[in-house]
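**Q** Here it is, the structure in full.
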There are 4 protein chains.
Amino acid sequence: MANFGGHAIPGTFFLIYGFWLTVKHILQHYWRKNQPKGRQVVPPSFKRMEYFEGGFTMFAAFVGIMVEQFVVDGPHAHLYDKDKGTWVKLMNWQHSTMYLFFGIFGIALVASTASKLLPVGVDRLALSLALFVEGFLFYYHVHSRPPLDAHIHSLLLVAVFSGSGSTMLQVFIRDNILLQMFGACMFLLQGSWFYQIGFVLYPLSGPQWELTLHDNIMFVTMCFCWHLAVALLLVVFTSSVVWLTLTRFSGRRRDVEIGMRNTSLKTSSQKALLEESDEE
Amino acid sequence: MANFGGHAIPGTFFLIYGFWLTVKHILQHYWRKNQPKGRQVVPPSFKRMEYFEGGFTMFAAFVGIMVEQFVVDGPHAHLYDKDKGTWVKLMNWQHSTMYLFFGIFGIALVASTASKLLPVGVDRLALSLALFVEGFLFYYHVHSRPPLDAHIHSLLLVAVFSGSGSTMLQVFIRDNILLQMFGACMFLLQGSWFYQIGFVLYPLSGPQWELTLHDNIMFVTMCFCWHLAVALLLVVFTSSVVWLTLTRFSGRRRDVEIGMRNTSLKTSSQKALLEESDEE
Amino acid sequence: MANFGGHAIPGTFFLIYGFWLTVKHILQHYWRKNQPKGRQVVPPSFKRMEYFEGGFTMFAAFVGIMVEQFVVDGPHAHLYDKDKGTWVKLMNWQHSTMYLFFGIFGIALVASTASKLLPVGVDRLALSLALFVEGFLFYYHVHSRPPLDAHIHSLLLVAVFSGSGSTMLQVFIRDNILLQMFGACMFLLQGSWFYQIGFVLYPLSGPQWELTLHDNIMFVTMCFCWHLAVALLLVVFTSSVVWLTLTRFSGRRRDVEIGMRNTSLKTSSQKALLEESDEE
Amino acid sequence: MANFGGHAIPGTFFLIYGFWLTVKHILQHYWRKNQPKGRQVVPPSFKRMEYFEGGFTMFAAFVGIMVEQFVVDGPHAHLYDKDKGTWVKLMNWQHSTMYLFFGIFGIALVASTASKLLPVGVDRLALSLALFVEGFLFYYHVHSRPPLDAHIHSLLLVAVFSGSGSTMLQVFIRDNILLQMFGACMFLLQGSWFYQIGFVLYPLSGPQWELTLHDNIMFVTMCFCWHLAVALLLVVFTSSVVWLTLTRFSGRRRDVEIGMRNTSLKTSSQKALLEESDEE
C-alpha cells in the first residue's frame, strides 16, 4: 500500500502494541514484586489479558490478510497469472505473509496461556519469528529503490531486528523487566518510524523530498535516533504512570480494608477473609 | 548432481531427519516430565534410538560418499588430473566433504552414547559443525551464478546456519524442548527447501523459470517464509500426535495394570513389581 | 568541529571517563572482596560517586549541546532553512544528538542510584545505548570520504561498538570485574584514538597525510592495535595503583585502630564500636 | 616473510600450542573428575605448567619481535623514513604487533597464575584479544591481493576468529572441556592451514598455482574443511592417548602403593603418608 495510509495503519498498530506491552509487563512486574513468596499462581486477570492479546492479534492478522487480498486493486487470492506469465501483486502477498506470522504468534500466545503442556516461552519465540519474518521480507523489499527510500526502510530494520533479538532473549531470560521494556520500546520505535516513512515518502503537504540528496539521508539517520529517544521517554512515562497508579490504588484499597476492619470486624471468619485479601 | 533428483534425495533425508528429531525429543521430554525425581537413569530404549540414529547417519554418509565418487560421471577418487592440469569434478568432492562431516556426527553420537567418558554435548557440537561445513561450502558454491539461482541457494543458508546456531546453543543449554523443536524445524525447512530448489531450477514440467527476473526473486523470498510456516505446522502437528499417543498409551497401560492387579494380585512380590512398573 | 580541537575535546572526556570507570570499579571490587558476608548495604560514598558521575554527565551533555548549537558557526537551534530549502549544519545537530544520549545515560544513572524502583542495570543499558547511537551516527557519518579518513573513523567504531556490547553484557552479568575493566579499556581506547584522528587529519605541524596512500591505511590499522595495548597497560597500571593504595590505607587504618584500642580502651561500649569499624 | 619458511614457522608454533592445550586441558579435566570433593587446591604441577606456558610465550614473542625487526631486510626499529617520506617495512611491524599481543597473553598467564588478586579468566581474555588482533591485522593485510591469495588468507580468519570467540566464551564458561577442546582444535587448524598457505603460495616443487582460477578457490575452500576434519581427529586422538595413559598410570601407581603398603608397612606415620598419596 504505497501511500501515507498504508504506513500509518501498521504504525498505529505497532504504537498501540508497544504501549500494551509496557502496561502489561509493568503490571506483571508489580505483581511479582508485591507477592508473598508462597503464592505464585498467576491471577486470572493476567490470563485474561493474554487471551485478549492473542485473540486480538489473530483477529487483526486475519483482517489484515483479507484486506490485502480483497482490496480493490488486490490480488484476490490469485498468485500467478498464467495468461500473462507474471506474478500477481507480490507486494500484497508479502504483506499477507507478514500478517500470517503475527497470526501464528496470536495462536501460540492463546495456546500457551490455555495449556501448561506447551513449553514456557513458546509465545516469545513465535513473536520473535514474526518480527524476523517481517524484517527478512523488508530486507529484500528494499533493493533497487532510490537511496533515501532504501535507507529509511533499512533503518526500520534496526528496530525490527533489535525487537526480534530482544524477544528471542526473553525465551531464555524470563521475567527480566529491562528486556521486556526494551522490547516494548522497539515496538514504539517501529510504530513511530512507520509514520515517519509515511511523512517522508508521501508528504501530506509541501514539496516532495529529494530522494537522492545526501543531506536528507544524514537527517533521516539522526531523526531515527530522536525517535528512539522519544520511544524511551514514552516507555518511562507510561510505566511510571502505571506504577504510581498501582501503588496509590493498592494503598487506598488497604486503607479501605483497614477502615472496614476497624468498624465491622465481628466474626473470626470475616477477619480471616480480610487478612487474606490484605496480603494480596 | 545438477538435476531434480540431486535435490530431492538430500531433501528427503533432511525431512525424515527433522521428523525423527521431533519424535525423539518429544519422547525424551515426555519421559523427563513423567519421571519421579529419584530415577534419572535413561531407559535403554533411548540409548537404542541414539545408536540407531548414529549408525544410520554413518551408513548414509558412507553411501553418499561412495555414490558421489563412483557414480558414472564421478571423480572415481581422482582429485587432480595431472595430464590436463585441472581438478576432477570438484562438485562431487564438495558433496563428499559434506557427507564426511555428517558421518563424523554419526560417530560422535554413537561414541557419546556408548561411553560416559566423552563430555556431554559432543554430539550436538558435531552436528553443529556438520551443518556449519555444509553452509560454509554452499556459501562459496553459489558465487557467479545467475541471480535467482544464487538467491534460492542463499536462502537455504538461512535454514542451515540457523540450524547450526541453535544446535550449538544446545551444547550449553541442555534439554530445552523449545531449542530442540526449533532445530528439528530448521531440518524440515531445509528439506522442503531442497525440494523447492529442485522444482525451480529443474522444473519437472512447464517452462523454465526466468533466472534474472526480479519478481521471481521476490516470490521465492516469500515462498521461503511459507515453507517456514509449514515446517512450524509440521513440528506442532507431529509433536501433538506423539504426545497424545503417549498420554493415551500410558493411560491405557495403567488401566490394564490396575485391572491385572485387581484380578491376579496374589503374592506381595508380584505386587511390588506392578507398583514399580506403575510408576514409570 | 572539523579541526584538531574538535577531536581533542571528546578524546579528553573519554580518556577521563575511562580512568574514572577503572578507579570506581576497582573500589567497588575491593569493597566486595573485603566485606563480611552479612553486610551488603552499599556505603553512602559509593552512592555519592554515582550521583557525581551522573550529574557531571548530564552537565557535560548539556554544555556540549549548547556549544554545538550556539557556537559562532553553529545552527543556533535552526534545523531547516526554508528559504534555501536546505538542512542547517547537520554535523552539529548529529553531535548534539550524541550528547543527548549521554545525557539520558546521566539521568538514568542518577535515577537508578536514587530509587530502588528502577530495575537493576538500567544505567548500563542507557550507557550501552548512548555508545550504540554514537557508533550508529558515525557509521553513516563516514560514507563518501577519502579512504584514510573513512578508515580511521571506522576503526573508532571498533572501540565504540565493543564498548557498547560489553556494557550491554553488564546488564546481565553483574559485578564482573573483567567486563567492567574491558569497558573502561574501550573508553580509554576511544579517547586516545580521537587524539590520533586529530593528529592524522589535522596535523599540528609537518606535512598533511596523503589520504589515499595504502601504506598509511596499513600503518593506521597497526597503530590502532598499539593504542589498544597502551589502553590495556593504563587499565592495569591504574587499577594496580588504586588496589595497592587501598590495601596500604586499610592496613594503616587497622594499625591505627589497634593502637587506639591499646591506649584508650576503657569502656566496653567503645570496644564494641571499634570492633565494628574494624570489620569494615 | 613472504616465503614458505615464513608460513611454516608460525604454523609449527600454532600446531605445537594446539597439542599443548589439548594435553593440558585433558590433564586438568582428569584431575577434576578424579578429585574427592573436599580437596580443591590445584596441585603445584599444574601451576608449573602454566608458568612454563606463559614464560615460553613471552620468550617466543620476544624472539619473534626481535627477528622481525633485526632480520637482514627488516626495519631495524625504524618506523618512518623521513628522507623518502615512506613507512619502513610495515609488514614486519605488523608481525611484531601480533607477537606483542601474544607476549601480553604470556604476561597475563604468568601473573594470573602467580597472584590470586587478578580476576579469574584474565588469561583467557588476553589470549582472545591476541587472536582478535591477529585476525584484525590479517583482515586488512589481505586487501588488493590476487583472488586465491586473498581467499586462502581469509579462510585463515575463520580459524582465528572462531578461536578468539571460543576463548572469549571461556572467560564466562569456566572449565568446560568441550569449549577448551574446540579452542585447541582451532589452534591446530590454524597451524596446519599456515602450512597449506605456504604450500599453495610458495610451492616447494612443481608449477606455481594459478591465482585467479575459480577451481583453485573451490578446491582450497574444500581443503579447509579437510584440515578441520584432521584437526578434530588429532584432538580426539591426542586426548584419548593422554586419558588412557593417565588411567593406566594411576591404576598402576595404586597397585604399586598397595604392594608397598603390604610389604613395608611399619609405622603409623608412614601409613598415613601413603594413604594421603593414595587419595591424590
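The values are calculated or read from the model by the stated rules, or taken from the named source; none is laboratory data. Only a predicted model underlies this, so the values are computations on that prediction, with no experimental measurement involved. No Cβ is skipped: glycine too gets one built from the backbone with ideal geometry, and neighbour counts run over all protein chains shown.
**Q** Give, as residue ranges, the helices (runs of 4 or more DSSP H) completely inside region A:108-208 that count at least 2 residues that are hydroxyl-bearing (Ser, Thr, Tyr) and within 15 Å of the chain's Cα centre (by Cα).
**A** Answer list for region A:108-208: A:147-172.
**Q** Those residues that are β-branched (Val, Ile, Thr) and out of contact with any Gly (no Cβ under 7 Å at 6 or more places or on another chain), I need them from region D:159-181; list them, please.
**A** In the first step, residues of region D:159-181 are kept if they are β-branched (Val, Ile, Thr); the result is D:160, D:167, D:171, D:173, D:177.
Those that are β-branched (Val, Ile, Thr) and out of contact with any Gly (no Cβ under 7 Å at 6 or more places or on another chain): D:Ile173, D:Ile177.
**Q** Given C:Leu15, C:Leu27, which one is assigned to a helix (DSSP H, G or I), more than 12 Å from chain A (Cβ to nearest Cβ) and at pLDDT 95 or above?
**A** Of C:Leu15, C:Leu27, the one residue that is assigned to a helix (DSSP H, G or I), more than 12 Å from chain A (Cβ to nearest Cβ) and at pLDDT 95 or above is C:Leu15.
**Q** Inside region A:64-76, can you point out the residues that are surrounded by 12 or more Cβ atoms within 10 Å (Cβ to Cβ) and of a type in the set (A, V, I, L, M, F, W, C)?
**A** First, pick out the residues of region A:64-76 that are surrounded by 12 or more Cβ atoms within 10 Å (Cβ to Cβ): A:64-71, A:74-76.
Listed by number, the residues that qualify are A:Ile65, A:Met66, A:Val67, A:Phe70, A:Val71.
**Q** Moving on. If you take the residues of region A:240-249 that are more than 10 Å from chain C (Cβ to nearest Cβ) and touching a residue at least 60 places away in the same chain (Cβ under 8 Å), which of them is surrounded by the most Cβ atoms within 10 Å (Cβ to Cβ)?
**A** Across region A:240-249, the extreme among qualifying residues is A:Val242.
**Q** Evaluate region B:30-45: report whether one residue or more is of a type in the set (A, V, I, L, M, F, W, C), more than 10 Å from chain D (Cβ to nearest Cβ) and under 17 Å from the mean Cα position of the chain (by Cα).
**A** Step one: of region B:30-45, the residues of a type in the set (A, V, I, L, M, F, W, C) are B:31, B:41-42.
Then keep just the ones that are more than 10 Å from chain D (Cβ to nearest Cβ); that gives B:31, B:41-42.
Right, trim to under 17 Å from the mean Cα position of the chain (by Cα) and you get none.
Within region B:30-45, not a single residue is of a type in the set (A, V, I, L, M, F, W, C), more than 10 Å from chain D (Cβ to nearest Cβ) and under 17 Å from the mean Cα position of the chain (by Cα).
**Q** Another one. Which count do you get for residues in region B:208-220 that are free of Cβ contacts under 8 Å to residues at least 60 places away in the same chain and more than 8 Å from chain A (Cβ to nearest Cβ)?
**A** Qualifying residue count, region B:208-220: 1.
**Q** Residue by residue through region B:82-106, note down the ones that are outside any helix (DSSP H, G or I) and within 11 Å of chain D (Cβ to nearest Cβ).
**A** Residues of region B:82-106 that are outside any helix (DSSP H, G or I), as a first pass: B:82-89.
Across region B:82-106, the qualifying residues are B:Lys82, B:Gly85, B:Thr86, B:Trp87, B:Val88, B:Lys89.
**Q** Taking region A:185-207, which residues are at pLDDT 95 or above and within 13 Å of chain C (Cβ to nearest Cβ)?
**A** Answer for region A:185-207, where residues must be at pLDDT 95 or above and within 13 Å of chain C (Cβ to nearest Cβ): A:Cys185, A:Met186, A:Leu189.
**Q** In region B:1-30, what residues are out of contact with any Phe, Trp or Tyr (no Cβ under 6 Å at 6 or more places or on another chain) and among the aromatic types (Phe, Trp, Tyr)?
**A** Of everything in region B:1-30, those that are out of contact with any Phe, Trp or Tyr (no Cβ under 6 Å at 6 or more places or on another chain) and among the aromatic types (Phe, Trp, Tyr) turn out to be B:Phe13, B:Phe19, B:Trp20, B:Tyr30.
**Q** Hey, among the residues in region D:87-117 that are touching a helix residue (DSSP H, G or I) at 6+ places or on another chain (Cβ under 7 Å) and of a type in the set (Ser, Thr, Tyr), which one's surrounded by the fewest Cβ atoms within 10 Å (Cβ to Cβ)?
**A** D:Thr113
**Q** Take the conditions away from chain A (no Cβ under 14 Å), touching a residue at least 12 places away in the same chain (Cβ under 8 Å) and buried (at least 20 other Cβ atoms within 10 Å of the Cβ) and apply them to C:Glu53. Does it pass? Show your work before the answer.
**A** Numbers: away from chain A (no Cβ under 14 Å): yes; touching a residue at least 12 places away in the same chain (Cβ under 8 Å): yes; buried (at least 20 other Cβ atoms within 10 Å of the Cβ): yes.
When the stated conditions are applied, C:Glu53 passes them.
**Q** If I filter region C:221-229 for residues that are away from chain D (no Cβ under 12 Å) and more than 30 Å from A:Leu213 (Cβ to Cβ), do I get at least one hit?
**A** Let us first name the residues in region C:221-229 that are away from chain D (no Cβ under 12 Å), namely none.
Checked region C:221-229: no residue is away from chain D (no Cβ under 12 Å) and more than 30 Å from A:Leu213 (Cβ to Cβ).
**Q** Could you list, in sequence order, the residues of region B:152-184 that are crowded, with 18+ Cβ neighbours inside 10 Å and of a type in the set (Val, Ile, Thr)?
**A** Matches in region B:152-184: B:Ile152, B:Val158, B:Val160, B:Thr167, B:Val171, B:Ile177.
**Q** Restricting attention to region B:152-184, and to residues there that are within 11 Å of another protein chain (Cβ to nearest Cβ) and among the β-branched types (Val, Ile, Thr), which single residue is farthest from B:Leu233 (Cα to Cα)?
**A** The residue in question is B:Val171.
**Q** Every residue in region B:130-151 that is within 11 Å of chain A (Cβ to nearest Cβ) and surrounded by 17 or more Cβ atoms within 10 Å (Cβ to Cβ), please. I'd like the intermediate steps shown before the answer.
**A** Start the filter on region B:130-151 by keeping residues that are within 11 Å of chain A (Cβ to nearest Cβ), which leaves B:147, B:151.
If the condition is that a residue be within 11 Å of chain A (Cβ to nearest Cβ) and surrounded by 17 or more Cβ atoms within 10 Å (Cβ to Cβ), then B:His151 is the only one that fits.
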